[in-house]
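Peer 1: Please see the structure below; I have some questions.
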Ligand SMILES: Nc1ncnc2c1ncn2[C@@H]1O[C@H](COP(=O)(O)OP(=O)(O)OP(=O)(O)O)[C@@H](O)[C@H]1O
Ligand SMILES: [Mg+2]
């Protein structure tokens, strides 16, 4: 009676012999997996070009573009734009993920090296030398911190100096997030001047200007080279008690560049002493107010001031769209396919062992409660900057919905059905494959769908750690107050979420076993 | 064929089976009967290893029922539940043939066996490709029976197989079932709470109460010499409606 032809006999493909586990799910999954694999392969560093970094404000990005453009005259050079705040970018330099970025002496003395309290550039250099870092000479301008308010308001309240603020405790202060926390920022300033204001909050630096213009914000921190000072006709208050240190702009770079990229180093150091404060203000203005891209502004400066001819052109919107889409899809696909590979077995294990279930669901649940931003930052020391931390963070976020839905899907199968399968004599693995899996498939797929949709949205945060994707134009758009750029990221992100939703609904229809669908027909 | 010796099964709040000895004779139909909660289903579930006894030993053809031996032994038993327990995502045919395909029967043997069983259980051939939800309750039970019989097991375990059916279909299936049992001469253990049904099927009736076997024998024996007051009352309670009708002019 028995033959040696197995249940999944040759001649019938595995897919066809599993009528109940839909082919749709398989195809979708393998597509995801393949895409994820390609994406991960791409994440690996290529043969090493020089990597320039920049902090997430316009001047930082412009200086980064200047350095990249000069370095590229000597060899390949990348610019990882607007990576994040001071700490993040400095750590990226210290760990060797970037080779150079533009920094300010005041930030070095009062924030990065605040513990050592260096008093001079020589002392700064001595400390940095121990970490294998070097500084260039000044680039030629200072970009100091200052407090600013609208000239009309300042005149009305008769405020000219910072100490005048003591008499106006009701003023609304909004500071850049970094200024709120830095040692040389608000906490020290408040103490130094004994300022009484209570309504003080952190806000994206560039949004503060808009608040100021709209009258919602009455005082904010400024960089003295900001283009907005002139544009909004702001008054910078005199630092009469000498709180702010000087912020001389310079390049901070890794010592080994002298060996690994000597020509590039020499080229970029040509910037020393070449940029005047007026030139910097005007470059900032062209980017922020004139909406010219940083690479173009940088190329123009190099041609006019240094006589270096750099070929730069504005990136086209379509090119940007495809690049961001590729990056975004890579983030989502790789994190989601890893999550499926791990979470489905975890869900099965949880369903099989109730005591294990509490541990698994607990741990996975905790991962979900970590705020996305914090999770990204936690990942940086482990996975560096770029796609790595973003993929891991998204992966962790995707686990819970999939594990939970796998677990509830399996637990929701009526006991008589589970016992019938057992009573037939099917071993555990076969029960999972033939009975429990297909019955739980709709629930599992719903979990994957939830994870995917969350993932598409959360992946926009990846831009904060240099992972690119649709978050990039959103961040740049916020920085440049350019609604067009913000929409360039926000609209495709929303559309992608809809597409993912639609794709999974299609797959759901294919994966729900036909026998369960008849319920609606009867 | 199946032998329970000193079997006890406890749950947190109750003892479902209390030091039970029971021998199921091969080729016979044994009916388990008793009030709700007395442990009838528990006995069947222990026999097919869905639960393990807390104390005592269960043997199948002399072989102790152990975890490692279970999958193989289960293929020698067929198990039918009150509501069928059919897999909703599989067609009637796939439900019936699932196990045969799993153990590697070839397609020809499988389809020959299905036709045989459909005829035996009076199941319409064109219903085979429908899903359980597209079948009537009686048809579902026939599919469930076919599934239990597919591998030609030595023992059939039936837990109130007719419990969820309306009286007409129930009557029809009772007759079909008895015919099947006598044709196949299998060892059958069946649970019911209907005395008439028990007498209709059972070579031997086992009456349980509170996890203990109170009496074992034919209906006639229980009528003539009930083991105790409970047996007499149990039989009386089930006969009462019919006697009341007979007394009417
Ligand atoms: N999984 C379980 N957990 C706890 N108690 C249980 C469990 N299964 C059965 N019991 C208890 O064991 C006792 C015997 O149950 P069993 O299902 O064998 O009764 P039964 O004779 O089949 O009753 P019925 O005629 O209502 O089906 C009952 O008191 C029941 O409440
Ligand atoms: Mg029962």
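The values are calculated or read from the model by the stated rules, or taken from the named source; none is laboratory data. Model, not experiment: these values are computed from the prediction. Virtual Cβ from ideal backbone geometry, glycine too; neighbours counted across all protein chains shown.
Peer 1: Quick one: is residue A:253 closer than 18 Å to residue A:59 by Cα, outside any loop (DSSP other than H, G, I, E, B) and outside the structural domain of residue A:160 (by TED's automatic domain parsing)?
Peer 2: Taking the combined requirement at face value, the residue satisfies it.
Peer 1: Working only within the range A:305-347, note down all residues that are over 30 Å from residue A:460 (Cα atoms) and buried (at least 20 other Cβ atoms within 10 Å of the Cβ). Walk me through how you get there before you give the answer.
Peer 2: Restricting attention to the range A:305-347, the residues satisfying the condition of being over 30 Å from residue A:460 (Cα atoms) are A:305-311.
Once the filter is applied, which keeps residues that are over 30 Å from residue A:460 (Cα atoms) and buried (at least 20 other Cβ atoms within 10 Å of the Cβ), the range A:305-347 yields only A:310.
Peer 1: Does the range B:1-22 hold any residues that are part of a strand (DSSP E or B) and closer than 26 Å to residue B:174 by Cβ, and which are they?
Peer 2: B:2, B:22
Peer 1: Any chance you could count how many residues in the range B:125-155 are out of contact with any strand residue (DSSP E or B) (no Cβ under 8 Å at 6 or more places or on another chain), facing chain A (nearest Cβ under 9 Å) and in a helix (DSSP H, G or I)?
Peer 2: So the answer is 3.
Let's see how each residue does on (1) more than 7 Å from chain B (Cβ to nearest Cβ); (2) modelled with pLDDT of 95 or more; (3) over 29 Å from residue A:499 (Cβ atoms); (4) assigned to a helix (DSSP H, G or I):
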| residue | (1), (2), (3), (4) |
| --- | --- |
| A:407 | yes, yes, no, yes |
| A:416 | no, no, yes, yes |
| A:419 | no, no, yes, yes |
| A:422 | no, no, yes, yes |
| A:425 | no, no, yes, no |
| A:429 | yes, no, yes, yes |
| A:440 | yes, no, no, yes |
| A:445 | yes, no, no, yes |
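Peer 1: Another question about this same structure. For residue A:367, state whether it is more than 14 Å from chain B (Cβ to nearest Cβ) and either under 30 Å from residue A:82 (Cα atoms) or assigned to a loop (DSSP other than H, G, I, E, B) (or both). If you could, list the steps in order and put the result at the bottom.
Peer 2: Values: more than 14 Å from chain B (Cβ to nearest Cβ): yes; either under 30 Å from residue A:82 (Cα atoms) or assigned to a loop (DSSP other than H, G, I, E, B) (or both): yes.
The answer is yes for residue A:367.
Peer 1: When only residues in the range B:3-34 that are within 12 Å of ligand 1 (Cβ to nearest atom) and within 16 Å of the chain's Cα centre (by Cα) count, which is nearest to the other protein chains (Cβ to nearest Cβ)?
Peer 2: So, considering only residues that are within 12 Å of ligand 1 (Cβ to nearest atom) and within 16 Å of the chain's Cα centre (by Cα), the one nearest to the other protein chains (Cβ to nearest Cβ) is B:32.
Peer 1: What pairs can you find where one residue is in the range A:116-129 and touching a residue at least 60 places away in the same chain (Cβ under 8 Å), the other is surrounded by 12 or more Cβ atoms within 10 Å (Cβ to Cβ) and part of a loop (DSSP other than H, G, I, E, B), and their Cβ atoms are less than 8 Å apart, with a gap of 6+ or different chains?
Peer 2: The qualifying pairs are A:128/A:113; A:129/A:255.
Peer 1: Working only within the range B:35-47, note down all residues that are more than 6 Å from ligand 1 (Cβ to nearest atom) and over 10 Å from the mean Cα position of the chain (by Cα).
Peer 2: Matches in the range B:35-47: B:35, B:43, B:45, B:46, B:47.
Peer 1: Let me ask something additional. Criterion first (crowded, with 24+ Cβ neighbours inside 10 Å, more than 29 Å from residue A:412 (Cα to Cα) and away from ligand 2 (no atom under 16 Å from the Cβ)) does residue B:2 satisfy it?
Peer 2: yes
Peer 1: I'm trying to understand the selection: among the residues of the range B:17-41, which are surrounded by 22 or more Cβ atoms within 10 Å (Cβ to Cβ) and within 13 Å of ligand 2 (Cβ to nearest atom)?
Peer 2: Once the filter is applied, which keeps residues that are surrounded by 22 or more Cβ atoms within 10 Å (Cβ to Cβ) and within 13 Å of ligand 2 (Cβ to nearest atom), the range B:17-41 yields B:17, B:32, B:33, B:34, B:38, B:39, B:40.
Peer 1: Select, from B:174, B:215, the only residue that is assigned to a strand (DSSP E or B), outside the structural domain of residue B:96 (by TED's automatic domain parsing) and touching a helix residue (DSSP H, G or I) at 6+ places or on another chain (Cβ under 9 Å).
Peer 2: Sole residue among the options that is assigned to a strand (DSSP E or B), outside the structural domain of residue B:96 (by TED's automatic domain parsing) and touching a helix residue (DSSP H, G or I) at 6+ places or on another chain (Cβ under 9 Å): B:215.
Peer 1: Follow-up. Restricting the search to the range B:159-181, which residues are within 16 Å of ligand 2 (Cβ to nearest atom) and in contact with a strand residue (DSSP E or B) (Cβ under 7 Å, 6 or more places away or on another chain)?
Peer 2: B:159, B:160, B:161
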